[in-house]
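Below is one structure, written out as structure tokens; the observations come after it.
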Amino acid sequence: RSKEIIDRMVSTFWKDGRFVALVNGTHEEVRTDSILYYMPLVLGKRLPQEIISKIAADLSAEGDWLTNYGLASEKLMSDNFRLNGSCCGGIWAPVNLMILYGLYDAGEEKLAKKIALRYCTAIKDGTFAMVMDPFSGSRGAGVSGSWPATAYIALADLCCNQ
């Protein structure tokens with residue numbers, strides 16, 4: 001049953017080498033440069049290998065979503081990039097946690113560990129901010145909290161023990 005659902009998701013939402021969102025009712029495609037389009041990666045190895053490979057290639061390109069401090073929530077050169085917008089550019093703890101575990105489960109362990117190490121180093125050297133500036137690693141929007149601490153512990157474990 002899960003394979004059937006994933007096949008339906010892929011045939012509906014995977015277009016031109018990426019996942020897209022559809023407007024309810026009209027099914028008009030909504031395309032932005034948000035990292036949220038990569039969230040199906042939480043399915044890990046359940047996704048088709050060609051999709052995993054394409055997502056890994058996208059996320060490993062320095063200066064797109066990949067920064068020295070983890071994955072930005074919006075492509076750095078996007079017209080929609082805003083550091084203080086909700087998931088519009090800053091490095092968000094939950095997004096990094098879910099995507100990196102998805103990469104790891106999908107067989108992209110080296111890439112997952114590389115990005116996790118960048119995120120954990122930024123947290124260790126800076127603050128446990130909910131959102132980090134993708135250009136400097138400093139505190140962006142939001143306050144410190146349990147999400148960054150949780151992400152740090154889980155991703156540090158992924159780096160060291162997996």
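Take the Cβ atoms of A149 and E4, set R0 to 45 Å, and the FRET efficiency comes out at 0.75. Computed about the Cα centre, the dipole magnitude for the range 44-159 is approximately 160 debye when only Lys and Arg (+1) and Asp and Glu (-1) carry charge, each at its Cβ. Projecting the Cα atoms of F135, A61, L100 onto the charge dipole of the chain, computed from C-beta unit charges around the Cα centre, puts L100 farthest toward the positive end. Once the convex hull of all Cα atoms in the range 1-147 is built, its volume per residue stands at 119 Å³.
M9 sits among other residues whose Cβ lies under 14 Å from its own Cβ, and their net charge, with Lys and Arg +1 and Asp and Glu -1, is +4. A DSSP coil position with no more than 12 other Cβ atoms inside 10 Å describes the following GluC sites (Glu not before Pro) in the range 1-39: E28. Taking springs between alpha-carbon atoms closer than 10 angstrom, which of V30, V95, V42 fluctuates most in the Gaussian network model of the chain? Fluctuation is largest for V30. Of the accessible area of the range 1-108, computed with a 1.4 Å probe over protein heavy atoms only, carbon and sulfur atoms account for 53 percent. Within the set of other residues whose C-beta is less than 13 Å from the C-beta of T67, count the net charge using Lys and Arg as +1 and Asp and Glu as -1. Net of charged neighbours comes to -1. The mean sequence distance of close C-alpha pairs (under 8 Å, at least 6 residues apart), as a share of the length of the range 19-159, puts its relative contact order at 22 percent.
Computed from label points 7 Å out along Cα-Cβ, the spacing between D79 and K110 is 3.7 nm. Placing pseudo-labels 7 Å out from each Cα toward the beta carbon at L117 and N24 gives an inter-label distance of 4.4 nm.
The values are calculated or read from the model by the stated rules, or taken from the named source; none is laboratory data. Nothing here was measured: the structure is a model prediction, and the numbers come from that model. Using ideal geometry, Cβ is built from the backbone for each residue, glycine included, and neighbour counts are taken over all protein chains shown. Protein only, heavy atoms only, side chains kept; ligands, DNA and RNA dropped before computing areas. Shrake-Rupley method; radii C 1.70, N 1.55, O 1.52, S 1.80 Å.
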